[in-house]
Structure formats: C-alpha cells, structure tokens
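The next block holds one structure in the form of structure tokens; read it before the comments.
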Amino acid sequence: MSKVKIGVLISGGGTNLQALIDAINGGSINGNIAVVISDRDNAHGIERAKKHGIDGIVISRKDYKNKGEFFDTLINTLKEYEVDLIVLAGFLTILSKNFVEVFNEKIINIHPALIPSFCGEGYYGQKVHTAALDYGIKVSGATVHFVDEKADTGPIILQEAVPVMEDDTPETLALRVLQVEHKILPEAVRLYCDGKLIIEGRKVKQIN
C-alpha cells in the first residue's frame, strides 16, 4: 500500500502536529506529511515542520480581501501537493462549504472536548475548557471527527475522556486533555491511512 500524503493545517504551536510527526517517524502511520499550512504568520508549528524537513507555508487570512480568495489559495496549494488527507491540528478558521466539498470525507479535526458538548463556532482553545469548568462538568476529553460544512458536527472517529478535578483551571484541564489529543489524533490518522474507516451516515465504523 502506497503511503498517504497528508496536509496539516494549523494556527498555533503545533503540538498535535508534533505528535503526528513522531508517530510517522516511529513507523506507526502509513503516510507522510507533504505540507504544513498556517493561517497565521507567527505559528510556531511552521518552525516544527521545517525542523523535520517538511514544507511549511503561511497563507494568512489577513492577506486576502475576502474568504473566497483565501480558501481558493488554500485549496490550490493542497492540490499542488496532491494530498490524500487533510488534518486540522488546531486550525482556527472554519472551512468554507466549497473547501469541504472539494475534499469530501478527506478532512479530520481534533477538538478538545467530548462532542457534542462545548463545540461549534466560538468554542476553541482555552474557551472550551473555561466553558466546561463554568458548567461544572465532571468529565471532559477530546474528539477526532470527520469534517463537514458546519463547525464540529461531522461523524466522530474517536473519543477519549479525562476526569475533571475540583481544583482544575482552564490551563490544567487543557494540559490533561492535550495528552489525550496527542494519543487519539495519530491513532485516527493511522486508521485512515490503513483504510480502516468507513462512514455510514453519522457513524464511523472501523473494519479489520
């Protein structure tokens, strides 16, 4: 089986990107990261990519008059790299309907909560953990899912829970959830690259 070409989209530090790089270098994922793209100029994840010999590109939203032009550039760049799978690893821009249609069932995202709780527009980064703690939940976690045209509503691939402690802050909860993210995102990518995932309606099934 030929290796899957992966494009990773980021907006920040890229720790989930690093988890993917480590899993690929360790031989557990039958794929290679062809390109890492950031929508922000100062994303440290670009430096992570370049450190590992991966092309790192900035396509900043602020450089485009409208979102249509931004997404056209993003789509064309990913096509140039002939990617088979797109991984959103802390990418904070909600994708356009056209983008999702072009790469239908080839986009997965990691979200720092147990979807359908604390997800959708406005729920990203520390805001997710702040909202979760304010609500008084006892369990949080992370979710990997396929991406559709709405925010965080696509079919779920993997989820894993973490306990919420009474003295948790958004920062301490984020660290605990991040450990789970670094585990289940590479696993979901591995399953995809091995052809082990089938989408049936809202359900994602693993095949042997």
**Prompt:** About its Cα centre, what dipole magnitude does the chain give when the only charges are +1 on Lys and Arg Cβ and -1 on Asp and Glu Cβ, stated in debye to the nearest 20?
**Reply:** 300
**Request:** Among the listed pairs K50/K127; K183/K203; K5/K62; K5/K196, give every one whose C-alpha distance is greater than 24 Å.
**Result:** K50/K127; K5/K62
**Request:** Could you calculate the contour length gain from K79 to S117, that is, 0.36 nm times the residue separation minus the distance between their Cα atoms, to one decimal place in nm?
**Result:** 10.3 nm
**Overall form of the range 130-208 per C-alpha gyration tensor (a/c, 1.5; a/b vs b/c)** = prolate
**Request:** May I ask which residue of I184, T169, N42 lies farthest towards the positive end of the charge dipole of the range 4-206, with charges of +1 (Lys, Arg) and -1 (Asp, Glu) on Cβ and the Cα centre as origin?
**Result:** I184
**Item:** For a label point 7 Å along the Cα-to-beta-carbon line of I94, residues of the range 105-125 with backbone N under 14 Å
**Value:** 119-124
**Prompt:** Which aspartates and glutamates does K79 reach when only Cα atoms under 16 Å apart count, and residues fewer than 8 places away in its own chain are ignored?
**Reply:** D55, E69, E101, E105
**Asked** Under a point spin-label approximation (7 Å from Cα along Cα-to-Cβ), what is the D72-K3 distance to one decimal in nm?
**Response** 3.4
**Item:** Two-site label geometry, R61 and E105: point separation in nm, points 7 Å out along Cα→Cβ
**Value:** 2.9
**Prompt:** How long, wide and thick is the chain, going by the Cα atoms along their three principal axes, in whole angstroms, largest first?
**Reply:** 48, 45, 36
**Eligible aspartates and glutamates near K106 by straight Cα distance, threshold 13 Å, same-chain separation 8 or greater** = E82, D84, D148, E149
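Any read-out appearing in this document is the output of simple, stated calculations on the displayed coordinates, not a laboratory observation. On a predicted model such as this, the values are computed, not experimentally measured, just so you know. In this analysis, Cβ positions are derived from the backbone assuming ideal geometry, glycine residues included, and neighbour counts consider all displayed protein chains.
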